[in-house]
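Just below is one structure, and these are the notes that go with it.
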Amino acid sequence: MDTVIELATLEERFSGEYASFTEASWQIQLRSVLLREGLVFARGATASDLIEGLEGLGTVFLHPDASASGITEIKPNGDERGGFSRAGLKLHTDRALIQIPPAFLGLILDEAADSGGEALFLDSAELVARLIEVGVSSEDLLSVRLVSGVHGAEALPFLRRIDNVGWQCRYRDDHVGHPSGPPSVLAQIDQAFGELVKAVELVPGESYVLNNHRWLHGRRDFQGARRASRLLFNAVSESFSAFQLRDLS
């Protein structure tokens, strides 16, 4: 019998409407949803499945903490902050402070926390639309930069336009890096985060793949031994991770 993998958009995940796909069709569906929505949830997929599922869209990006296969095990190791702690993680782009961050991120929950640890998501396309709606100008939005604590490091754009293709977003505000720009705009971004963030309580064996140039992600703090496997991917073409912002000139 063909392997069955279940997939869902964020909206379908909230309503419990996973759809089942066989080995012959699930990879096509995963790529289709990822390119359209930027975020797709799966049940029954292994790390190898996710690598195969993104074939043609991306190639494995080796994070400094990853194994030779590209998998990083995310679990508490005694740190007081960051991914390898039990602390919450603010909404962010993975590897936001390198010139071109990896385009896609896949995460499989291997072991759930005793409490807390919900995954957090925010669509930057929705974020920009909200900021424009409340009166933030395109000029001010495009002036926002991401700055690291490393002396002399280049300030990188919050929003980057890919000619004739679309936009890419990067963001983080923690011990690794922080945004710089008009204070009123940064305050509006913080407010919009609180209004637009979506929280999902993953179960062991459940996974997601997201467009790291569009969707910001994080997690709530937790108790226990929450453990996950993460994969990062470079895009074969920048067009695969660029998204449209109709309200931004």
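The values are calculated or read from the model by the stated rules, or taken from the named source; none is laboratory data. All values derive from a computational prediction rather than experimental measurement. A quick note on method: Cβ atoms are made from the backbone with ideal geometry, for glycine too, and the neighbour counts reach across all protein chains shown.
For the residues VAL203, VAL185, the requirement of being over 26 Å from PHE14 (Cβ atoms) and either assigned to a loop (DSSP other than H, G, I, E, B) or modelled with pLDDT of 95 or more (or both) singles out VAL185. Considering ARG227, ARG214, the condition of being among the basic types (Lys, Arg), crowded, with 20+ Cβ neighbours inside 10 Å and modelled with pLDDT of 95 or more is satisfied by ARG214 alone.
Of all the residues in segment 216-245, those that are closer than 22 Å to ALA112 by Cβ and of a type in the set (A, V, I, L, M, F, W, C) number 4. Looking at (1) closer than 27 Å to SER48 by Cα; (2) surrounded by 14 or more Cβ atoms within 10 Å (Cβ to Cβ), which is the one condition that is false for LYS198? If we test LYS198 against (1) closer than 27 Å to SER48 by Cα; (2) surrounded by 14 or more Cβ atoms within 10 Å (Cβ to Cβ), just (1) comes out false. Of everything listed in (1) part of a loop (DSSP other than H, G, I, E, B); (2) in contact with a Pro (Cβ under 6 Å, 6 or more places away or on another chain); (3) surrounded by fewer than 18 Cβ atoms within 10 Å (Cβ to Cβ), the single unmet condition for ASN164 is (2). Considering ALA24, ALA42, ALA87, which residue is of a type in the set (A, V, I, L, M, F, W, C), part of a strand (DSSP E or B) and touching an Asp or Glu at 6+ places or on another chain (Cβ under 8 Å)? Criteria check complete, one pass: ALA42.
Checked across segment 122-145, the condition of being part of a strand (DSSP E or B), modelled with pLDDT of 95 or more, under 24 Å from GLU37 (Cβ atoms) and not small (Gly, Ala, Ser) holds for at least one residue. Candidates in segment 80-93 are the residues that are in contact (Cβ under 8 Å) with a residue 60 or more places away in the chain and farther than 21 Å from PHE104 by Cβ; of these, the one that is surrounded by the most Cβ atoms within 10 Å (Cβ to Cβ) is ARG86.
Applying the criterion of being at pLDDT 95 or above and not in a helix (DSSP H, G or I) to the residues of segment 6-18, the residue that is nearest to LEU54 (Cα to Cα) is LEU7.
Hey, among the residues in segment 1-57 that are surrounded by fewer than 19 Cβ atoms within 10 Å (Cβ to Cβ), of a type in the set (A, V, I, L, M, F, W, C) and more than 17 Å from the chain's Cα centre (by Cα), which one's farthest from ASP123 (Cα to Cα)? Going through the qualifying residues, I end up with MET1.
For segment 18-48, a residue qualifies if it is among the acidic types (Asp, Glu) and over 20 Å from TRP215 (Cβ atoms), and exactly one does: GLU23. Among the residues making up segment 190-206, those that are of a type in the set (A, V, I, L, M), in contact with a helix residue (DSSP H, G or I) (Cβ under 7 Å, 6 or more places away or on another chain) and under 23 Å from PHE158 (Cα atoms) are ALA192, LEU196. Within segment 60-79, the residues that satisfy the criterion of being part of a strand (DSSP E or B) and either surrounded by fewer than 16 Cβ atoms within 10 Å (Cβ to Cβ) or in contact with a helix residue (DSSP H, G or I) (Cβ under 9 Å, 6 or more places away or on another chain) (or both) are VAL60, GLU73.
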